[in-house]
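One structure below.
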Amino acid sequence: MDVGDPPEITATVEKVSVDAASVARYLKVCGFAADSPVPLTYPHILAMPLHLKIFATGSFPLRPMGLIHLSNEIRALGEIRRGARLGVAVTARNYRRMDAGLAFDMATEITQSGRPVWFETCVFLSRWPEPAARTGARPPRPPRAPKGSEVLEEYKVTMGTSWDYARVSGDFNPIHLSDRAARFFGLRGAIVHGMWSLARSLAHEPLPQPDSGTRLETHFVTPVQLPAEVAVKQWNADGEVRRALCDAKKGRVYMYSHWSELGSES
């Protein structure tokens, strides 16, 4: 796969409403209490139509179906409330080769009354179409949650979970909704959405939203194959609280996140 040097592609929309009914559906699907504030992860839903618009652009160099979410960084400068009217801008950029395929950033900026209030960088991977095109050694085994990690919650994840999240988010990537489609893209079967995994892992004890803002960094280590029994675990590492979605029996980490106050960063 050779995409050359593709240009940045940007899509924008103004006066997007944070609809209370949409937030309520998101809260339910992701496991938040019905009276929760708008979650830190919810604005990703507002950006999804622009992701799809960019993917449909003729100059977008990759096949959008089968893209895998590798990592995510969110910087929220304050709470976004129901009823807010927002501007959303999304840019695809920074393409680079990796052993498993070609990665790129999908960067989002959300504004309110012209003032930036929320930023996100999603890193996506388009896998090489043929095994021969892949280079490098076999990827390392996923880490396990440390012994003594606090178990916050355990639950089952099914194909129905993925369909529920697809309807709420507008993300109908077939690797989340069909075993056959997922195998076509080189996976062992359907996998759950990464952003659902992140939101669900934060629902039991939602993150604080300090006045100075919050930075949330997430790494998707290995996909959650459906169906699965998972556990939300938490521990301290390098002076930070880490929250992870893990295999309930083996402790294998599917994804983990950590966060900090923006005002405390140097």
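Read-outs: derived from the displayed coordinates by stated rules, not from any lab. Remember, it's a predicted structure, so these values are computed and weren't measured experimentally. Heads up, the Cβs are rebuilt from the backbone with ideal geometry, glycines too, and the neighbour counts pull from every protein chain shown.
The table below lists the values:
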quantity: Added length on full extension, which subtracts the Cα-Cα distance from 0.36 nm per residue, Asp19 to Arg85; calculated: 22.8 nm
quantity: Separation in nanometres of the label points that stand 7 Å from Cα toward Cβ, at Val151 and Arg183; calculated: 3.3 nm
quantity: GNM top mover of Val38, Val168, Val151 - the chain, alpha-carbon springs below 10 Å; calculated: Val151
quantity: Proximal aspartates and glutamates relative to Lys233, as straight alpha-carbon distance under 18 Å, when same-chain residues fewer than 8 apart are discounted; calculated: Glu150, Glu153, Glu154, Glu205, Glu217, Asp247
quantity: Among Ile54, Val117, Cys246 - extreme Cα towards positive end, dipole of the chain, charges at beta-carbon; calculated: Cys246
quantity: MRE, 222 nm, helices only [DSSP H, n ≥ 4, -39500 (n - 2.57), over the chain, to nearest 500]; calculated: -5500 deg cm²/dmol
quantity: Estimated dipole of the chain in Debye, rounded to 20 [Cβ of Lys and Arg +1, of Asp and Glu -1, Cα centre]; calculated: 800 debye
quantity: Reach of Lys15 by Cα under 15 Å, taken over aspartates and glutamates that are not fewer than 8 positions away in the same chain; calculated: Glu109
quantity: Spin-label model distance (nm) - Asn236 vs Lys249, 7 Å beyond Cα toward Cβ; calculated: 3.3 nm
quantity: Label-point gap, in nm, between Phe172 and Arg215 - each point 7 angstrom along Cα→Cβ; calculated: 3.8 nm
